[in-house]
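Below is one structure; the comments refer to it alone.
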Amino acid sequence: MQQLQISLNANGVAAPAQRAAWQCCEIVTFCLQSAVGSDLSKQPEIVTNALAYRFTGPDMSAAERFGLYENWMLSKGFQELARGVRESLEEAIFYLELLKVQQTQTTWGEFQAKVAAIRRRAGRLLFPALMAEVNAGLTATLTFADEFTSFQKVRNCLEHRGGTVGTEDVDHAGNLTLTLPRLKMFYVNPAGEEIELAPGVIIDTHEHTGLAEILIKRETRARTYALGEKVAFNAAEFGEIAFACHLFANDLATKLPTLPASA
């Protein structure tokens with residue numbers, strides 16, 4: 001009789017969302033920067049062997065074509081980030097279910113069937129139920145449900161309305177709001193104000209010491225768009241959104257329960 005030993009790795013749960021974060025950030029940044037530096041005043045030709053052809057599209061200015069490319073890239077980026085977050089939550093379900101497995105006699109086929117059943121059930125859960133079940137098994141509650149809902153609303157706007165905020169996207173106040181966590185690096189000036197650090201910011205040191213303490217904290221940033229407004233992000237802003245998904249994955253991994261070493 002052979003013994004099957006199962007090793008659970010919390011980093012493996014975080015991996016899908018974190019992988020999606022860096023991939024999306026790198027690819028979207030490259031594509032946006034490439035589009036900015038390209039001549040978009042005319043439609044590009046597609047050449048296959050000796051044949052060049054082009055689809056018949058509307059006449060567009062360089063700015064209009066950039067907007068088209070930008071919206072497509074952001075839509076794809078949001079889609080992949082959402083997929084990564086969803087996959088990490090499904091991995092969390094798998095992790096939590098395997099923690100419940102007791103030492104017993106079974107066959108390899110029976111174990112594989114159990115694994116498949118867990119993954120199949122997790123894949124069928126709607127996001128609210130998926131988040132609720134994961135939270136129920138963690139050592140502390142994740143605070144990402146409302147943030148991810150706002151993320152999905154912006155994604156829907158990008159995918160279905162070309163990034164122009166419609167009536168389907170807004171709340172009772174007529175706004176579409178994206179709310180996500182981020183890390184803020186700042187110093188406190190002599191007046192007690194938090195001054196965020198950015199390229200070119202001059203640090204106002206304290207008169208008596210000539211020093212200023214650099215601090216980092218996690219906070220929530222909200223971006224609001226009105227009805228009819230265009231939703232768009234530059235590379236740095238999209239990178240911050242991707243990093244929010246990375247933060248979520250790290251938070252998820254640190255809150256997964258573990259078994260005692262002897263177990």
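Remarks
- Comparing Cα centroids, the stretch 65-118 and the stretch 150-210 end up 29 angstrom apart.
- Compactness of the chain - radius of gyration and Dmax, Cα, Å: 23.6, 75
- Check: the stretch 29-118 dipole with +1 on Lys, Arg Cβ and -1 on Asp, Glu Cβ, in debye: 80 debye
- Taking the fewest neighbouring Cβ atoms within 10 Å as the starting point, the ordered list for Ile202, Ile216 is Ile202, Ile216.
- All-pairs Cα distance distribution in the stretch 10-73, expressed in whole percent, bin size 10 Å: 18, 34, 26, 15, 7, 0
- Computed [θ] at 222 nm, helices only, for the chain once each DSSP H run of length n ≥ 4 contributes -39500 (n - 2.57): -17000 deg cm²/dmol
- Projected-area average for the stretch 124-263 over all orientations - Cα convex hull basis, square nanometres: 13.9 nm²
- Listed peptides 94-106, 244-256 by packing density, highest first (mean Cβ within 10 Å): 244-256, 94-106
- Overall, the chain carries a charge dipole of about 1060 debye about its Cα centre when +1 sits on the Cβ of Lys and Arg and -1 on the Cβ of Asp and Glu, all other atoms neutral.
- Using alpha-carbon coordinates, inclination of helix 235-254 to the longest axis of the chain, degrees: 10 degrees
- Between the Cα long axis of helix 127-137 and the first principal axis of the chain there is an angle of about 50°, rounded to the nearest 10.
Read-outs: derived from the displayed coordinates by stated rules, not from any lab. Everything numeric in this text was worked out from a predicted model, so none of it was measured. Neighbour counts run over all protein chains shown; Cβ positions are idealised from the backbone, glycine included.
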